[in-house]
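The structure appears below as structure tokens.
The values are calculated or read from the model by the stated rules, or taken from the named source; none is laboratory data. Note that the structure is predicted; figures quoted are calculated from it, not measured. Here the Cβ is made from the backbone with ideal geometry for all residues, glycine too, and neighbour counts use every protein chain on show. Note: areas computed on protein heavy atoms with side chains; ligands, DNA, RNA excluded. Shrake-Rupley method; radii C 1.70, N 1.55, O 1.52, S 1.80 Å.
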Amino acid sequence: MIAGSSLSARLLAFGAGLIAVALAAAWLMLGYLFERHLERQFQAELERHGLSLIAALRLTPDGRPQLGAQPFDPRFSRPAGGLYWRVSAPGGSVASRSLWDGALPPAAPPSSPGWGVLVGDGPFEREVVAVVREVRLGAGERRVRVEVAGDRAPIRRARAAFGFETGVFLGVLWLVLAMAAWVQVRLGLAPLEQVRKEVAALRERPDARLSTGEGSREIGPLTAAVNALLDARAADMERARRRARDLAHALKTPLTALRLQIEALESDQRTELAETLLVVTGAVESELARTREVGRPSAVPASSIVDRLWAVLARTPEGARLQLRNETPPSLRPPMTQEDALEVFGAILENATRFARAQVVVTGEQDEAGLRLFIEDDGPGIPVDSRRLALQRGLRLDERGGRHGLGLAIAADRVQASGGRLALASSALGGLRVELLWP
């Protein structure tokens, strides 16, 4: 079987193959039984002709056989007619006209009373069936051998015709049974298709579980085992989140105190310490963002999220000088909670307002490839070889301000956790283009 082929194709091929083998065996067996039946019928016919010969047979005083009447069948009277008889006695023998100058196959005396049967070369045909019997016509008389033979060709022709017609019938039957096997496979694997759909739904709803009430008894243990595994995984993830969250919160206060102590130092002494503390603080805040639980997809459109965030950013000194063009269709809804959407779009828009010169444009579309959102600005952009660094936690491409360089990195984490992907590209406005894609 080809690796990677579907289970339905494998079951169907296996079933169709077994049906074909079974029907082929049935075709051979039916042909054999039909031939045996014809041979028994033909043998019985020959024996009837032999009994009629015995009934009309008598011996002359010199021991020669004589027949009062011959069997009534035109083939006995026609040379090479296909039916032959011969009676042999100690004083001589007589034969049917059909035998002419031919000879029947030699036959040994029957080993038991009754008719013996043999198949051999015919007088004019390739093969004949012959029945042989030795009888005594009276007490003290010698034995007389009676032989009747017939051409076996009609049996072969009947067997060939029967085999052809049976083969056509069994071929049609194979098609019908193969279609029945296909229906059986489709209906039998229907519960697996439902399981596949439910497993696919787990990507959008991590808290979803496989249904166990409507499946078959064979599928039930599988779904129960998968649900148990999902529950154990969810419990492990929740414990990991709690431990990471507790650790991050425990470190946040000492780090804040340490930052205040560093800021109290002289400027030439605190530079290296501030940079080191910046990386540690960024790692802690990033871990806090990652440990947030993933919720169910929100029904809040992306356009309303952008409007709410821009209403806040427009009041900042950096946002007041910019113009926002929110061209996102109201029907676009990213598969995130409202809190996650605010965090993702907030980080991206805040980054755009820091570097844009005059405007920020937000657009989106949805097609067979999925849902896509684009946030563009007309700032200086990010060089291609530096875009990968922009998505790493704690790394800043600019050294202005006290930010930790976590905005785009946290946004990328949240988008990936919701099943999407964040990418950086060049904008037609001349600046940076942030692309969000949910397949």
If r is the Cβ-Cβ distance from Ala22 to Leu260 and R0 is 60 Å, what FRET efficiency results, to the nearest 0.05?
0.10
So the FRET efficiency between Arg142 and Phe162, C-beta based with R0 = 45 Å and rounded to 0.05, is 0.50
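How long is the gain from Ile54 to Phe34 if the chain were fully straight, where each residue apart is worth 0.36 nm and the alpha carbon distance is subtracted?
Working: separation 20, 0.36 × 20 = 7.20 nm, distance 3.03 nm.
That works out to 4.2 nm of additional length.
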HN-Hα J in Hz across the stretch 358-370 - Karplus 6.51, -1.76, 1.60, θ = phi - 60°, x for Gly and Pro
9, 8, 10, 10, 10, 10, x, 7, 9, 9, 5, 6, x
Compare the Cα positions of Ala347, Val360, Met336 along the charge dipole of the stretch 322-364 (+1 at Cβ of Lys, Arg; -1 at Cβ of Asp, Glu; about the Cα centre) and return the one farthest towards the positive end.
Val360
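Under Stokes-Einstein, with the Kirkwood radius over Cα pairs standing in for Rh, what whole-number D in µm²/s applies to the stretch 305-400 at 20 °C and 1.002 mPa s? Could you put the intermediate results ahead of the total?
Working: Rh = 14.5 Å.
Result for D is 147 µm²/s.
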At a 1.4 Å probe radius, which order do Glu365, Glu165 fall into by accessible area, largest first?
Glu165, Glu365
Using only the alpha carbons of the stretch 1-141, what is the convex hull's orientation-averaged projected area in square nanometres?
13.3
What the Cα atoms of the stretch 1-76 span along the principal axes, largest first and in whole Å, is 89, 22, 15
With 0.36 nm assigned to each residue of separation and the Cα-Cα distance removed, Phe14 to Glu198 gains 63.4 nm
Placing each pseudo-label 7 Å from Cα in the direction of the beta carbon, Glu327 and Trp100 end up separated by a distance in nanometres of 10.3
With label points built 7 Å along Cα→Cβ from the Cα atoms of Ala224 and Ala44, find their separation and express it in nm.
6.2
Order of 59-67, 326-334 by packing, highest average Cβ count within 10 Å first?
326-334, 59-67
If you average 1/r across every pair of different Cα atoms in the stretch 88-168 and take the reciprocal, what Kirkwood value do you get, in Å?
14.7
Using a Förster distance of 41 angstrom, determine the FRET efficiency expected from the C-beta separation of Arg186 and Leu437, and round it to 0.05.
0.75
In nm, spacing of pseudo-spin labels at Asp231 and Leu247 (7 Å Cα→C-beta vector)
2.8
